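One structure is given here, and the rest of the page talks about it.
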Amino acid sequence: MSNHSRLFTALRVGGLELRNRIVIAPMCQYSADEGRATDWHVIHLGHLALSGAALLTIEATAVLPEGRISSRDLGLWSDDTEAALGKTLDSVRRWSDMPIAIQLAHAGRKASSRVPWEGGAQVPPNQPGGWQTVAPSPIPFADGQNPPVALDRRGLAEIRDAFASAAKRAGRLGIDAVQIHGAHGYLVHEFLSPLSNRRDDEYGGSLENRMRFPLEVFDAVREAFPAERPVSMRVSGTDWAPGGWDLEQTMTFAKALEAHRCSAVHVSSGGLTPVQQIPIGPSYQVPLARAVKSAIDLPVIAVGLITDFDQAEAIVGTGDADIIALARAILYDPRWPWHAAAHLGASVTAPNQYLRSQPSRYRDLFNAP
């Protein structure tokens, strides 16, 4: 099969070779047991690891118990959580050689919430499954919520060290890459946005000051994770709200990340405020990725309502982004990369057990692992 598809060309990100330009975005599953991975994670990650994508990213994984979005979130803060995730990874790797990344996160003021299928509302600290949240400033995410406690220097150091500790655990588990969650209104993003960061010390006020803690977290993770493996950052390109974090600031932050040895920037958006006005539609975040790509020489990942094969090919083929990330689209169709390869005249890696499923009209679609 002749392949003229840009989507199915290889790309090196730091020391990691990607077979194609399709990566699986981190997607919270809210199915952990006190931070420990469960059988659900074996099922979820296992079937996505057979999808033909180039990289599988484990969901937002809390670096501290109070950094979880909900009490059911995955964690990597203890020997128990490390052992449980290691057991899951052993199962997945037994049957797939797809590289695996992990997103390390702290939910900040958006922590202590119910799982989405229970409404997602904040759980007050005096109720079961709830705890006191922390943030740059004592400003709740939404009116009527329990306000977060503003982090002092000791709290900042504890969280920074927790990110580094989780990165060391990820390194011991043989995880191929780390992504720091700096988007969607969680703690790192909260420091960046002037809507959530009203501090009057060196961590608030000017853009340089608001970037300080996110860059300290990045440096701590980069130092703790093996040097040959990539560390990236997921950012919200804009808050979609007046007076908030915006694209110009994102581009400045991306340049700073590049100077700090970041390997890639994953551009999403929103999540910081309930008053956001998002113009949702196919490829609605791609212009944000395109602008960030114009500012840096690092690989840039685009995400958000990328569902069509030709759409994905055009994003990469025109240079708007180097990589596309799939989330809900690949939950709906776990063989999306197979179908994209067939449509675009490319090939994709499939497990030996599935090779005989190749349709006769797509001769040479599958590569054995």
- Query: What ³J(HN,Hα) values, in whole Hz, does the Karplus curve 6.51 cos²θ - 1.76 cosθ + 1.60 give for the stretch 73-83 when θ = phi - 60°, with x put for Gly and Pro?
  - Reply: 6, 6, x, 8, 10, 8, 4, 5, 5, 5, 5
- Query: Relative contact order for the stretch 188-342: what is it in percent, counting Cα pairs under 8 Å that are at least 6 residues apart?
  - Reply: 17
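Relative contact order of the stretch 11-367, please, whole-number percent, based on alpha carbon pairs below 8 angstrom and at least 6 residues apart.
Values: 775 pairs, mean separation 54.3, N = 357.
Relative contact order for the stretch 11-367 comes out at 15 percent.
Using the beta-carbon distance between R198 and H4 and R0 = 41 Å, what value does 1/(1 + (r/R0)^6) give for FRET efficiency, to the nearest 0.05?
On the way: r = 52 Å, r/R0 = 1.27.
E between R198 and H4, to the nearest 0.05, is 0.20.
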- Item | Estimated vicinal HN-Hα couplings, Hz - the stretch 50-55 in sequence order (Karplus 6.51, -1.76, 1.60; Gly, Pro = x) | 9, 7, x, 5, 8, 7
- Query: Rule-of-thumb check for the chain: C-alpha Rg over 2.2 N^0.38 Å?
  - Reply: 0.96
- Give the angle, between 0 and 90 degrees and rounded to the nearest 10, that separates the Cα long axis of helix 39-48 from the longest principal axis of the Cα atoms of the chain. 50
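What does the highest-first list of 137-148, 101-112, 171-182 look like by mean Cβ count within 10 Å?
On the way: 137-148: 15.5, 101-112: 26.6, 171-182: 21.8.
The peptides rank, most packed first, as 101-112, 171-182, 137-148.
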- May I ask for the distance between the Cα centers of the stretch 292-343 and the stretch 151-179, given as a whole number of Å? 29
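Which whole-number percent gives the relative contact order of the stretch 129-222, counting Cα pairs below 8 Å spaced six or more residues apart?
On the way: 97 pairs, mean separation 25.3, N = 94.
Computed value for the stretch 129-222: 27 percent relative contact order.
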- Using the Cα centre as the reference, give the magnitude of the dipole from point charges on the C-beta atoms of the chain (Lys, Arg: +1; Asp, Glu: -1; all else neutral), rounded to the nearest 20 debye. 680
- Message: Give me, ordered by chain and number, the residues 5 or more places off T61 or on other chains with an amide H under 5 Å from its own placed amide H.
- Response: Q103, L104, A105
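List nothing, just return the count: lysine pairs in the stretch 11-367, 8 or more apart or interchain, with Cα separation under 28 Å. Please list the in-between numbers first.
Numbers: K87/K168; K110/K168; K110/K255; K168/K255; K255/K293.
Lysine pair count for the stretch 11-367: 5.
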- Query: Applying the Karplus parametrisation 6.51 cos²θ - 1.76 cosθ + 1.60 with θ = phi - 60° to the phi angles of the stretch 193-208, what ³J(HN,Hα) value in whole Hz is obtained for each residue in order, glycine and proline being reported as x?
  - Reply: 7, x, 6, 10, 10, 10, 5, 10, 9, 6, 9, x, x, 5, 4, 4
- Message: Antiparallel versus total DSSP beta bridges in the chain: what percent is that, nearest 5?
- Response: 10
- Task: Choose one answer from L355, L192, L50: the residue with the largest mean-square fluctuation in a GNM of the chain with alpha-carbon springs under 10 Å.
- Result: L355
- Which value in nm describes the separation of the simple spin-label points at R356 and H343, placed 7 Å from the Cα toward the beta carbon? 2.9
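Can you figure out the FRET efficiency of R153 with V275, using R₀ = 22 Å and their beta-carbon distance, to the nearest 0.05?
0.10
Only the coordinates and a few stated rules stand behind these numbers; no lab work does. Since the structure is predicted, the reported quantities are computational estimates derived from the model, not experimental observations. FYI the Cβ positions are ideal-geometry reconstructions off the backbone, even for glycines, and counts take in every protein chain you see.
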